[in-house]
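Please read the structure below before turning to the comments.
The values are calculated or read from the model by the stated rules, or taken from the named source; none is laboratory data. Just so we're clear, the structure is a prediction, and the values are computed from it rather than from any experiment. Cβ coordinates were reconstructed from backbone atoms using ideal geometry, including for glycine residues, and neighbour counts include every protein chain displayed. Just so you know, the surface numbers come from the protein's heavy atoms only, side chains and all, with ligands and any DNA or RNA stripped out. Shrake-Rupley method; radii C 1.70, N 1.55, O 1.52, S 1.80 Å.
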Amino acid sequence: ASVGGDSMRVGVISAERLRELLDYDEETGVFTWRTNRGNVRAGSVAGTAHCRGYRQICLDGSIYLEHRMAWLHVYGEHPQGALDHRDRCRTNNRIANLRMVTGSENQQNRAIPRNNTSGFKGVCWDKSRGKWLACIAVNSRLKNLGRFTTPEAAFAAYQIAASELHTHNPCAIGGGL
């Protein structure tokens, strides 16, 4: 998933200018320079790693996130709001892997948090009751799905709820996602 309002600078570069500077391969998601620029040769891969796992490109003195530039290159307009990487791979900027989403939809495609100890999305240990708790977020509110004796049972409850409530993201029902 990508970050809401995830552009470095929005609306500064036009689709025409972007297309003058870069070629974009929709199948690979890779940008290449169209002309020589200083010590960079035409045809070489554009962009560098961004500190949050995305890729970025410096164009005309401004830094842009590549996935947002892919959208602009293909559709001719800047994306409104967040763009989501369907497969959660922040460097996979193939246009088929990108979709415009609301904040709520973007949250449906989040990976398991690093501090998750159950190994399952939507499942945590309820120390006070000595059971596994299943929860799911719906419209920015946490819904309790019940307490279970095993994390697998709690995750099964999460999967059922996700299939009904997180209809934007079919990946949300998978474990370890």
Accessible area per residue, 1.4 Å probe, Å², for the chain: what's the number?
-> 54 Å²
In percent, what relative contact order does segment 52-177 have, based on Cα pairs under 8 Å that are 6 or more apart in sequence?
-> 17 percent
Amide H neighbours of LYS131 at under 5 Å, excluding residues fewer than 5 places away on the same chain, with H built from the backbone geometry, are ASP126
Extension length gain for SER14 and SER140 (0.36 nm per residue less Cα distance), in nm, is 41.9 nm
To the nearest 10 degrees, how steeply does helix 66-75 sit against the main Cα axis of the chain, on a 0 to 90 scale?
-> 70 degrees
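Considering only protein heavy atoms and a 1.4 Å probe, what is the carbon-and-sulfur percentage of the accessible area of segment 1-116?
For segment 1-116, the apolar C and S fraction of the accessible surface comes to 47 percent.
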Measuring from its Cα centre, segment 95-149 shows a charge dipole (+1 at each Lys and Arg Cβ, -1 at each Asp and Glu Cβ) which, in debye to the nearest 20, is 200 debye
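Counting helices only, and only those DSSP H runs with n ≥ 4, report the 222 nm mean residue ellipticity of the chain as the sum of -39,500 (n - 2.57) divided by its residues, in deg cm²/dmol to the nearest 500.
When only DSSP H runs of four or more count, the value is -6000 deg cm²/dmol.
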Under the Karplus relation 6.51 cos²θ - 1.76 cosθ + 1.60, θ = phi - 60°, what is the ordered set of whole-Hz ³J(HN,Hα) values for segment 12-29, x standing for Gly and Pro?
-> 7, 9, 8, 4, 4, 5, 4, 5, 5, 8, 10, 9, 10, 9, 4, 6, 9, x
So how tilted is helix 151-165 from the main axis of the chain? Cα-based, degrees 0 to 90, rounded to 10.
-> 60 degrees
On average, how much area does the Cα convex hull of the chain cover when viewed from any direction, in nm²?
-> 11.2 nm²
